[in-house]
Amino acid sequence: MSNDIAAQILEFIKINRVSTTEVADAFHKTGLLDGKLKILNQGTRAVGFVHYVPAVNGSNWHTHKYISNTPKDSIVFVDADNTCEHKAIFGSLVAKYIMLYCQSNGIIVSGKLRDVHTLVKEKYPIWCYGSTPIGCTNDEVEFDEKSFEEKRKTYEGAIIVADDSGVVIIKKEQMTLETLERLKFIENQEDIWLDCIDRLKWNTFETVCLKKYKTERQEL
């Protein structure tokens, strides 16, 4: 992966507000991070490089530890492992720290959250499994450092795009010039399709399936 290409891909997605749908289309209908992740505040959006954070064994001890070095403009991905599915990983205190003081672009949590009334009021860009008032402990627990490092190598440096439709990920090995060109192609195709429907008054079958714009000599 070229750092320059990765930066170009991120910038293109940000400037053009490329949606999760378009990213998935660019990767042939793939790239979903986790189908259980749901947007907390509709209308919010988040794009950035991943900062990987663990939550293990029913405690958020290591969550607190690893959010302390969150890079600015990153997407914090809290990956819950062996954490009670009926307990919240954290609530408004941690969310405020991540969003306000670390200046993160968004939060992804493969688990539940609490203090949702505050999280909604603040309109934080958050995706999670749902809510519960019952939180995890903050006790120091057994932690598999080797497993964490392997997962961190997998996720850190990847790009996450999240919106109302869900959360998609562009992996580090996918950060290529081909990916950038594919994203540009999908973005351009969307513009053409909309023009065919709005201005030329074609139906969706003519536009999407027959792709009449490739043969019709009409000004697009």
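The values are calculated or read from the model by the stated rules, or taken from the named source; none is laboratory data. All of these numbers come straight from a predicted model, not from anything done at the bench. Glycine gets a Cβ as well: all are built from the backbone with ideal geometry, and neighbour counts include every protein chain shown. SASA here: full protein model, heavy atoms, side chains in, ligands and nucleic acids out. Shrake-Rupley method; radii C 1.70, N 1.55, O 1.52, S 1.80 Å.
Considering the conditions (1) within 28 Å of residue 7 (Cα to Cα); (2) assigned to a loop (DSSP other than H, G, I, E, B), residue 84 is excluded by exactly one of them, (1). One residue is enough: does the range 86-102 have a residue meeting the conditions of a type outside the set (A, V, I, L, M, F, W, C) and modelled with pLDDT under 95? Scanning the range 86-102, I find at least one residue that is of a type outside the set (A, V, I, L, M, F, W, C) and modelled with pLDDT under 95, so the answer is yes.
Taking the criterion of being open to solvent by less than 20 Å² (accessible area, probe 1.4 Å) and in a strand (DSSP E or B), would at least one residue in the range 139-159 satisfy it? For the range 139-159, residues open to solvent by less than 20 Å² (accessible area, probe 1.4 Å) and in a strand (DSSP E or B): present. Taken over the range 189-212, the criterion of being open to solvent by 50 Å² or more (accessible area, probe 1.4 Å) and either closer than 27 Å to residue 153 by Cβ or β-branched (Val, Ile, Thr) (or both) is satisfied by 197, 204, 208.
Looking across the range 1-60, the residues that are within 14 Å of residue 172 (Cα to Cα), modelled with pLDDT of 95 or more, open to solvent by 30 Å² or more (accessible area, probe 1.4 Å) and in a helix (DSSP H, G or I) come down to 7, 8. A single member of 160, 170 is touching a strand residue (DSSP E or B) at 6+ places or on another chain (Cβ under 6 Å) and under 23 Å from residue 42 (Cβ atoms), and it is 160.
Among the residues making up the range 172-188, those that are in contact with a helix residue (DSSP H, G or I) (Cβ under 9 Å, 6 or more places away or on another chain) and surrounded by fewer than 16 Cβ atoms within 10 Å (Cβ to Cβ) are 176, 177, 184, 185. Tell me which residues, restricted to the range 107-129, are out of contact with any Gly (no Cβ under 9 Å at 6 or more places or on another chain) and not in a loop (DSSP other than H, G, I, E, B). Once the filter is applied, which keeps residues that are out of contact with any Gly (no Cβ under 9 Å at 6 or more places or on another chain) and not in a loop (DSSP other than H, G, I, E, B), the range 107-129 yields 107, 108, 109, 117, 120, 121.
For the range 76-99, residues that are aromatic (Phe, Trp, Tyr), open to solvent by less than 20 Å² (accessible area, probe 1.4 Å) and farther than 20 Å from residue 35 by Cα total 1. Kindly evaluate residue 77 against the criterion of being in contact with a strand residue (DSSP E or B) (Cβ under 6 Å, 6 or more places away or on another chain), closer than 30 Å to residue 11 by Cα and in a strand (DSSP E or B). Criteria met by residue 77. Within the range 194-218, residues that are more than 19 Å from residue 22 (Cα to Cα) reach partners that are among the hydrophobic types (A, V, I, L, M, F, W, C) with beta carbons closer than 7 Å, at six or more positions or on different chains, in the pairs 202/196; 212/202; 213/192; 213/196; 213/220; 218/200.
Filtering the range 61-85 to residues that are of a type in the set (Val, Ile, Thr) and at pLDDT below 95 leaves only 83. Restricted to the range 100-133, and to residues there that are open to solvent by less than 30 Å² (accessible area, probe 1.4 Å) and farther than 15 Å from residue 38 by Cα, the residue that is nearest to the chain's Cα centre (by Cα) is 104. Listed by first and then second residue, the pairs with beta-carbon distance under 8 Å, at least 6 apart or on different chains, first residue in the range 96-114 and touching a residue at least 24 places away in the same chain (Cβ under 8 Å) and under 23 Å from residue 58 (Cα atoms), second among the aliphatic types (A, V, I, L, M) and assigned to a helix (DSSP H, G or I), are 97/67; 98/67; 107/95; 107/98; 107/99; 113/95; 113/119.
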